[in-house]
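Shown next, in structure tokens, is the structure this report addresses.
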Amino acid sequence: MHVLLVDDDQELCALMKRYLERELFQVSVVHTAEEGLQESLSGKYQAVVLDIMLPGGNGLDILRRIRQRSELPVLMLTAKGEEMDRIEGLEIGADDYLPKPCNPREVSARLRSVLRRGRPVDVVSSKVELDDLTIDFDQHTVLRNGEEIELTVTEFNILNILARDAGKVVEKNRLAEQSMQRSLTLFDRSLDMHLSNLRKKLGPNSQGKQRIKTVRGVGYQYQPEQ
């Protein structure tokens, strides 16, 4: 698995590169925003670890540019305590985040988790037809009235799980574990942000109603049209 590390902290990069290579990742490192954007869009990598504060630019701007052209998995590194950066990163389409300073072992675990999300979740049939949506697991696409909706890997997995249990409430921790390949931690809003992005992309159904309902204290439910 070839991973791109974009961070201007050369000491941290060297430490993470050594650890990740022992974990059998292939790691390339760049230190500026311009290099990070160019390499991220090169098609050579399976995932990117992207810092927010970079010489010559901002990691969030790079993430926006990536999402205009690619669903490449992105793990954001954010300054400790900068909650708004984490929220904005998830809103733009980051697959996960870690506050700095971070443990290379946790970076490795989060990368493996993000990469596992690209695998189909509980696929029985290759397509699901639900209201005006067609979810194609072979092509990893979602069509609404024949027009494709671009989803990140995590968003696709969330929709997959909710659509297969349409009309039923899916417990929050189960949804996180199956779609994100990890459990939620205290104050972890990442699943909420992925769901918010998914709702915006899907839009209301033909009856003008929200497709995904939050059942407070329990989980989420895809509400099929009657």
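The values are calculated or read from the model by the stated rules, or taken from the named source; none is laboratory data. None of these values were measured; they are calculated from a predicted model. Positions of Cβ are generated from backbone atoms using ideal geometry, with glycine treated the same way; all protein chains shown enter the neighbour counts. All accessible areas refer to the heavy atoms of the entire protein, side chains included, with ligands and DNA or RNA removed. Shrake-Rupley method; radii C 1.70, N 1.55, O 1.52, S 1.80 Å.
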For region 57-75, enumerate the residues that are closer than 16 Å to Asp7 by Cα, of a type in the set (Gly, Ala, Ser) and open to solvent by 10 Å² or more (accessible area, probe 1.4 Å). Gly57
Unmet requirement for His140, which otherwise passes all of (1) over 21 Å from Glu225 (Cα atoms); (2) touching a residue at least 24 places away in the same chain (Cβ under 8 Å); (3) within 16 Å of the chain's Cα centre (by Cα): (2)
Does any residue in region 203-226 that is among the charged types (D, E, K, R) come within less than 8 Å, Cβ to Cβ, of a residue that is surrounded by 15 or more Cβ atoms within 10 Å (Cβ to Cβ) and assigned to a loop (DSSP other than H, G, I, E, B) six or more places away or on a different chain, and which pairs are these? Lys209/Gln223; Arg211/Asp131; Arg211/Asn205; Arg211/Gln223; Lys213/Gln223; Glu225/Asp131; Glu225/Asn205
Filter result (surrounded by 16 or more Cβ atoms within 10 Å (Cβ to Cβ) and either among the hydroxyl-bearing types (Ser, Thr, Tyr) or more than 19 Å from the chain's Cα centre (by Cα) (or both)) within region 42-56: Tyr45, Met53, Leu54
Within region 82-108, tally of residues that are open to solvent by 60 Å² or more (accessible area, probe 1.4 Å) and under 21 Å from Leu24 (Cα atoms): 3
Which one of Ser113, Ser126 is open to solvent by less than 70 Å² (accessible area, probe 1.4 Å) and either under 24 Å from Val3 (Cα atoms) or in contact with a Leu (Cβ under 8 Å, 6 or more places away or on another chain) (or both)? Ser113
